Amino acid sequence: ELPGFYYDSEKNRYFRLLPGHNNYNPLTKESVQYKATECKRLRLLEEEEKQKQKTTRAGLNSSVLLQKRQLGLLSSTSYCRLVHELKVNCMQRRKIEIHSPDSSVAGTNNFKIIVADVACERIFTVNDVEHGGCKYGIINLSGLGKESLTVEMYDNLYFTNRKVNSVCWASLTHPDSHLCLMGIAETPGCASLLPASLFSSTNPGDRPGMLCSFKISTAWSCAWCLNPQADNCFSTGLTRRVLVTNVVTGHRQTFGTSSDVLAQQFARQTPVLYNGCRSGEIFSIDVRQRNRKGQSWKAIRLFHGSAVTSVHLMEAEHYLMAADMAGKIKLWDLRTTKCVKQYQGHQNEHALLPLHVNEEEGLLTAVGQDCYTRIWSLQDAHLLRTIPSPHPSSKDAIPSVVFSSRLGGRQGVPGLLMAVKQDLYHFSYI
């Protein structure tokens, strides 16, 4: 390599890298890197279309697994986990048709966030609007079980002026009955709790209004508590503080922190809130205690080397998965406060990217800032598959995904949903 020059292997010659951005059609280091990245993405897409069956483990195929299971060499748990690995590596991409009662809804705005409810029957969507702000909607996944692969999308055009940073489902009157939204209106920010029935196909006159909405400093994250000891509570992660609100009584509890809280999740077995901060610290709060000056209310404390972008508490609540802005994904043992596993390959530098953990299938899914979707084995941190984005990589084209073995409910279809730009794709098991 020659300093200040770029070698083009296709043309077999050197080109000088121009330093400025005001030259006519300049050749810069960024444009060279983008070209190489795009060539790699297109090559991977071509390989995926040609290669229907692939595996990341030597000697792993369905006939061998079945034979080992029949001989008693594999437990039922290990057999199911390895079968899911095989299915993940055989998933094929298909585009989904989005239908809507309002013809202006489908395919007009870029998907920013998609979040599935607990039963994976509905997907809440946040779409960027061209003139600024966000538009919210709900997609019904019942159509995924049909050969046509169509879904129905309902939106509510009343709430369009807020830029959403975080969203989660809330169970107030029944499971997944409401939605917590955190975002920036102008200054200050806004926290809202909306009934999910706002996005239904029923008569608009019968729809209930917003349950609660209040102005706060910039909101980064939110979480709903499902533990009965802190019933009807949701938390908002703000700039240097955590605010826990009871939506029925209106009571609020504030916990001051030394850094911005970018990720949150409540435990189910105890009323404990886990928080991930910009400083790299992860700490837990027992929301039953009162915050008094001079008292230490942080229980478990863990530390990453970079800003924590996502936390996920495992089902038994002995382990916590966390990701940071250095691309590190770590599994922490909360009993010993030590990292027990690391998942390699994730790419991130400055984006708030979530983790998707499916313990039943033994899989971890994450989308990197390079727009690649990666799937790991939870048990041994083996990278099972890397899925390139169908669209060219850019900051505003990072895919948002949902993975489940029952998309559309109990009788639904397994697979991965990927929303990127204006399109929705389904990677189905074969």
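Points to keep in mind about this one:
- Residue count, region 216-231 (criterion: in a strand (DSSP E or B) and touching a residue at least 60 places away in the same chain (Cβ under 8 Å)): 1
- Matching residues, region 80-91, being open to solvent by 40 Å² or more (accessible area, probe 1.4 Å) and either under 22 Å from Leu45 (Cβ atoms) or of a type in the set (A, V, I, L, M) (or both): Lys87
- Some residue of region 335-356 being in a strand (DSSP E or B) and within 15 Å of the chain's Cα centre (by Cα): yes
- Hits in region 109-135 (condition: at pLDDT below 90, outside any strand (DSSP E or B) and under 17 Å from Ser166 (Cβ atoms)): Gly133
- Condition check for Arg374: open to solvent by 10 Å² or more (accessible area, probe 1.4 Å), among the basic types (Lys, Arg) and under 17 Å from the mean Cα position of the chain (by Cα): yes
- Flag if Leu424 is open to solvent by less than 40 Å² (accessible area, probe 1.4 Å) and more than 25 Å from Glu152 (Cβ to Cβ): no
- Scope region 240-289; condition within 20 Å of Ala316 (Cβ to Cβ), touching a helix residue (DSSP H, G or I) at 6+ places or on another chain (Cβ under 9 Å) and surrounded by fewer than 20 Cβ atoms within 10 Å (Cβ to Cβ); matching residues: Thr270
- Count of residues meeting criterion [in a helix (DSSP H, G or I) and either modelled with pLDDT under 65 or over 20 Å from Trp376 (Cβ atoms) (or both)] in region 48-72: 10
- Pick from region 92-106, criterion at pLDDT below 85 and surrounded by 17 or more Cβ atoms within 10 Å (Cβ to Cβ), ranking: farthest from the chain's Cα centre (by Cα): Ser100
- Residues that are within 30 Å of Lys35 (Cβ to Cβ) and open to solvent by 60 Å² or more (accessible area, probe 1.4 Å) within region 393-411 comprise Lys395, Asp396, listed in sequence order.
- Among residues of region 76-95 that are closer than 21 Å to Glu48 by Cα, those with a beta-carbon under 7 Å from a residue that is open to solvent by less than 60 Å² (accessible area, probe 1.4 Å) and of a type in the set (D, E, K, R) at least six positions away or on a different chain give the pairs His84/Glu361; Val88/Arg385; Asn89/Lys54; Asn89/Arg385; Lys95/Asp423.
- Taking the listed residues Tyr372, Tyr343, the one that is at negative phi and touching a helix residue (DSSP H, G or I) at 6+ places or on another chain (Cβ under 9 Å) is Tyr372, with no other qualifying.
The values are calculated or read from the model by the stated rules, or taken from the named source; none is laboratory data. It should be emphasised that the depicted structure is a prediction, and the values quoted were computed from it without experimental measurement. When we count neighbours, we look across all protein chains shown, and the Cβ atoms used for this are built from the backbone with ideal geometry, even at glycine. Ligands, DNA and RNA are stripped out before the accessible areas are found, and what is left, the full protein with its side chains, is counted by its heavy atoms. Shrake-Rupley method; radii C 1.70, N 1.55, O 1.52, S 1.80 Å.
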